[in-house]
Amino acid sequence: MLPTRPAGPGIAGIHNVGMDNLQPARAAFPTEDYARTVQRIRQEGQCFICRVVDRTHRYDHHIVYEDADTIVFLNRYPTLIGYCLVSPRKHVENWALDLSEAEFLALQSVVHRVARAVAAAVPAERIYSLSLGSQQANAHVHWHVAPLPPGVPYDQQEFSALLKDNGILDIPEADQAELARTIRGHL
Ligand SMILES: [Zn+2]
């Protein structure tokens, strides 16, 4: 299990002390850098997840799992330890309309396997699962699989626990790599 650190300074004005006691120190989400990167990739007629798939993204994402149709990697900006993104390899933007029922169920089968592997790798009271994304940012279909650790106060659970505005976990790359290997080992 990854070591946790004592409560960090947190983000000004955000009451995340309970979270900090359970997770590594937090850093501010680089909102402007992220927006610039996403816009640059879009202006190049490309897609962030397609670049992860074909390994042309500038940041070397920590791949957890791949098969012929699916890729799973750690969230580069995690708000919870073990936060994975599960995505079809092919570029589709609307999971309800662009995926057949068989393709959707195959994707969810991977989501289920990954959720179990994440729960085996890190303490998890619940595993959140949801599809977000944006036509103005990351349009490629992806599923968030995010484990809530035990003991998080109720008012810091659910969307509060996922919100990048509350800061992202400052996890060293070596620890992320180890975490990816650990989750993969439970698949
Ligand atoms: Zn794509």
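The values are calculated or read from the model by the stated rules, or taken from the named source; none is laboratory data. Fair warning: this is a prediction, and the values are worked out from it, not measured in the lab. Methodologically, a virtual Cβ is constructed for each residue, glycine included, from the backbone with ideal geometry; neighbour enumeration extends over all protein chains shown.
The residue that is surrounded by the fewest Cβ atoms within 10 Å (Cβ to Cβ), counting only those in region 117-135 that are within 16 Å of the ligand (Cβ to nearest atom) and in contact (Cβ under 8 Å) with a residue 12 or more places away in the chain, is Gln135.
Which residue out of Ala161, Ala106 is small (Gly, Ala, Ser) and either part of a loop (DSSP other than H, G, I, E, B) or within 30 Å of Ala35 (Cα to Cα) (or both)? Break it down stepwise before answering.
Details: Ala106 fails: either part of a loop (DSSP other than H, G, I, E, B) or within 30 Å of Ala35 (Cα to Cα) (or both).
Criteria check complete, one pass: Ala161.
Every condition in (1) more than 14 Å from the ligand (Cβ to nearest atom); (2) modelled with pLDDT of 95 or more; (3) over 19 Å from Lys164 (Cα atoms); (4) not in a helix (DSSP H, G or I) holds for Arg58 except the one numbered (2).
Looking at Asp170, Asp165, which is the one that is within 30 Å of Gln43 (Cα to Cα) and touching a strand residue (DSSP E or B) at 6+ places or on another chain (Cβ under 7 Å)? It would help to see each step written out before you state the result.
On the way: Asp165 fails: touching a strand residue (DSSP E or B) at 6+ places or on another chain (Cβ under 7 Å).
Being within 30 Å of Gln43 (Cα to Cα) and touching a strand residue (DSSP E or B) at 6+ places or on another chain (Cβ under 7 Å) holds for just one of Asp170, Asp165, which is Asp170.
Please go through region 28-43 and give me each residue that is more than 14 Å from Ala139 (Cβ to Cβ) and either within 13 Å of the ligand (Cβ to nearest atom) or aromatic (Phe, Trp, Tyr) (or both), ordered by number. Of everything in region 28-43, those that are more than 14 Å from Ala139 (Cβ to Cβ) and either within 13 Å of the ligand (Cβ to nearest atom) or aromatic (Phe, Trp, Tyr) (or both) turn out to be Phe29, Tyr34.
Which one of these does Pro150 not meet: (1) surrounded by 15 or more Cβ atoms within 10 Å (Cβ to Cβ); (2) in a loop (DSSP other than H, G, I, E, B); (3) modelled with pLDDT under 95; (4) not basic (Lys, Arg)? Failed condition: (1).
Where residues in region 79-102 are within 14 Å of the ligand (Cβ to nearest atom) and assigned to a helix (DSSP H, G or I), which of them is farthest from the chain's Cα centre (by Cα)? Looking at the filtered set, the residue picked out is Asp98. Just one of the listed residues (Leu105, Leu130, Leu163) is closer than 28 Å to Asp67 by Cβ, within 14 Å of the chain's Cα centre (by Cα) and aliphatic (A, V, I, L, M), and it is Leu130.
Return the residues of region 56-73 that are touching a residue at least 24 places away in the same chain (Cβ under 8 Å), of a type in the set (Val, Ile, Thr) and surrounded by 17 or more Cβ atoms within 10 Å (Cβ to Cβ); say none if nothing qualifies.
The first filter runs over region 56-73 and keeps only residues touching a residue at least 24 places away in the same chain (Cβ under 8 Å), leaving 62-65, 67, 69-70, 72-73.
Still in the list and also of a type in the set (Val, Ile, Thr): 63-64, 70, 72.
Of everything in region 56-73, those that are touching a residue at least 24 places away in the same chain (Cβ under 8 Å), of a type in the set (Val, Ile, Thr) and surrounded by 17 or more Cβ atoms within 10 Å (Cβ to Cβ) turn out to be Val64, Thr70, Val72.
Per this entry, Arg76 is not counted among residues that are surrounded by fewer than 15 Cβ atoms within 10 Å (Cβ to Cβ) and not in a strand (DSSP E or B). The set of residues in region 44-55 that are within 12 Å of the ligand (Cβ to nearest atom) and without any contact (Cβ under 8 Å) to a residue 60 or more places away in the chain comprises Gly45, Gln46, Arg51, Val52, Val53, Asp54.
Every condition in (1) in contact with a Pro (Cβ under 6 Å, 6 or more places away or on another chain); (2) of a type outside the set (Phe, Trp, Tyr); (3) in a helix (DSSP H, G or I) holds for His112 except the one numbered (1).
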